[in-house]
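The values are calculated or read from the model by the stated rules, or taken from the named source; none is laboratory data. Everything numeric here is computed off the predicted structure, so don't read it as measured data. So basically every Cβ, Gly included, is an ideal-geometry build from the backbone, and we count neighbours across all protein chains shown.
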Amino acid sequence: MDVNEILQAAYEADASDIHLIAGHPPTIRVNQVIEPMDMPVISPADAEAMFKSMAPEGKQKTFAEQQDADFSYEVADLARYRVNAHRQSGAVGMALRMIKTQVPPLSALSLPEVIARLTYLPRGLVLVTGDTGSGKSTTLAAMIQAMNERYRKHIITLEDPIEYVFESEQCLIEQRELGRDLPTFASGLKHALRQDPDIVLVGEMRDLETTALAISAAETGHLVLSTLHTVNASQTVERIIDMYPTGQQNQIRSMLASTLQAVVSQTLFSRIDRPGMVPAVETLLCTPAVRNLIRENRTFEIPNVIETNRAIGMSSLDSSIAELYFNGLISKEDAIAQAAFPDKLERQLVA
């Protein structure tokens, strides 16, 4: 089986993910729904051959040792893919996430206008959070591209793997890939700060060392963009603080209060007005009141601050979901299923 033919057909079907699993036909995810392609079942030998045709030699060695490997794959003039190869039932399995080669403009992503304003920040920490597949990477890429078109600055991205490939326009952009160009995010970030960056993108703040370095970079005058797998703003702040030992948590609250500029939490919904996806977005902007709540360990009050500051661009997840529903973009069932407070939102939608 030719993997590029599979990927071409998946691209034409507008699939976001492709699963190549021995014992099954190629399977795709379109608008969050999994469906098999009209193709033959993949044999274990097919799966092995496709993996070897796609994975770099170093990643094949990693796979042989660890039974898992992450890498990127590109089909010329089509798309790039973020690939995870793994063992299942004794055979190779692969999950591919498609990254279209052209970075979409922020204006095409149905995001709140306040997200574009974040690209004008001179320094600080901006976090884009959400579940896997919620569009975090696309939002960050669009923000980087907006700055690339506007500023004359030095941007360094640390990614696992590189997804969108940028062309330096006004900015000088360097893209470094985990495993190929750097051993860990923490190592890459530590050395990036000696490379004269203005803006640093860290693919994920997945451990204490990376998180501490990202906050330190933001403290020293850089604009740092990163992601976390959290579903709302208050949980994001709590997750960062909980990474630290108890004795250091007061100090990190103070540092985070000084450096955090915004938290953007995304959830994707299937549209009902036309094929496609649309995001519901919770947005926290770090006003003096929010900074005080972080310092004083009162993060449970953050949702109230978001609700009372809509005029400056803040929005809770449920209010964003409600807006999508009343605009006829998503179904009531989906709205309630993904709400932070389903009972409260259901009453609101009925009213």
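Before moving on, here are some points about what is shown:
Every residue, every condition in (1) charged (D, E, K, R); (2) in a loop (DSSP other than H, G, I, E, B); (3) at pLDDT 95 or above; (4) outside the structural domain of MET314 (by TED's automatic domain parsing), yes or no:
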residue	(1), (2), (3), (4)
ILE42	no, yes, yes, yes
GLY58	no, no, no, yes
ASP77	yes, yes, no, yes
ARG80	yes, no, no, yes
ARG87	yes, no, yes, yes
VAL92	no, no, yes, yes
ARG117	yes, no, yes, no
VAL128	no, no, yes, no
THR132	no, yes, no, no
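- Residue count for region 335-351, restricted to those that are among the small types (Gly, Ala, Ser) and not in a helix (DSSP H, G or I): 3.
Conditions tested, residue by residue: (1) closer than 18 Å to PHE326 by Cβ; (2) in contact (Cβ under 8 Å) with a residue 60 or more places away in the chain; (3) surrounded by fewer than 13 Cβ atoms within 10 Å (Cβ to Cβ); (4) not hydrophobic (A, V, I, L, M, F, W, C).
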residue: ILE240; (1), (2), (3), (4): no, no, no, no
residue: GLY247; (1), (2), (3), (4): no, no, yes, yes
residue: GLN261; (1), (2), (3), (4): no, yes, no, yes
residue: ILE272; (1), (2), (3), (4): yes, no, no, no
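- A residue that is within 30 Å of SER331 (Cβ to Cβ), in contact (Cβ under 8 Å) with a residue 40 or more places away in the chain and in a helix (DSSP H, G or I) can be found somewhere in region 4-25.
- Pairs with Cβ under 8 Å, 6+ apart, first in region 102-124 and within 15 Å of MET147 (Cα to Cα), second of a type in the set (Ser, Thr, Tyr) and loosely packed, with under 15 Cβ neighbours inside 10 Å: ALA116/SER107
- Exclusive hit being in a strand (DSSP E or B), out of contact with any Asp or Glu (no Cβ under 7 Å at 6 or more places or on another chain) and at negative phi, set ILE99, ILE34: ILE34
- Selected residue (only one of GLN195, GLN261, GLN266, GLN249 is of a type outside the set (Phe, Trp, Tyr), farther than 25 Å from ASP17 by Cα and in contact with a Gly (Cβ under 7 Å, 6 or more places away or on another chain)): GLN261
- When restricted to residues that are part of a helix (DSSP H, G or I), buried (at least 16 other Cβ atoms within 10 Å of the Cβ) and either assigned by TED's automatic domain parsing to the domain that holds LEU178 or polar (S, T, N, Q) (or both), region 61-75 contains 1.
- Residues that are under 17 Å from GLY133 (Cα atoms) and charged (D, E, K, R) were ranked within region 266-287; the one that is modelled with the lowest pLDDT is ARG271.
- The numbered conditions (1) exposed (fewer than 14 other Cβ atoms within 10 Å of the Cβ); (2) assigned to a loop (DSSP other than H, G, I, E, B) are all true for ASN292 except (2).
- Among the residues of region 303-334, the ones that are over 25 Å from ARG291 (Cα atoms) and assigned to a loop (DSSP other than H, G, I, E, B) come to 5 in all.
- Qualifying position, being surrounded by 12 or more Cβ atoms within 10 Å (Cβ to Cβ), aliphatic (A, V, I, L, M) and within 28 Å of ARG180 (Cα to Cα), among ALA9, ALA91: ALA91
- Count of residues meeting criterion [within 21 Å of LEU121 (Cβ to Cβ) and under 20 Å from the mean Cα position of the chain (by Cα)] in region 235-266: 10
- Single residue of region 94-138 satisfying the filter (within 30 Å of PHE63 (Cα to Cα) and among the basic types (Lys, Arg)) that is surrounded by the most Cβ atoms within 10 Å (Cβ to Cβ): LYS136
- Residue within region 288-297 that is under 19 Å from THR267 (Cα atoms), modelled with pLDDT of 95 or more and not hydrophobic (A, V, I, L, M, F, W, C) present: no
- Unmet requirement for GLU159, which otherwise passes all of (1) crowded, with 19+ Cβ neighbours inside 10 Å; (2) modelled with pLDDT of 95 or more; (3) not polar (S, T, N, Q): (2)
- All positions within region 163-175 that are in contact with a strand residue (DSSP E or B) (Cβ under 9 Å, 6 or more places away or on another chain) and surrounded by fewer than 22 Cβ atoms within 10 Å (Cβ to Cβ): TYR164, VAL165, PHE166, GLU167, SER168, CYS171, LEU172, ILE173, GLU174, GLN175
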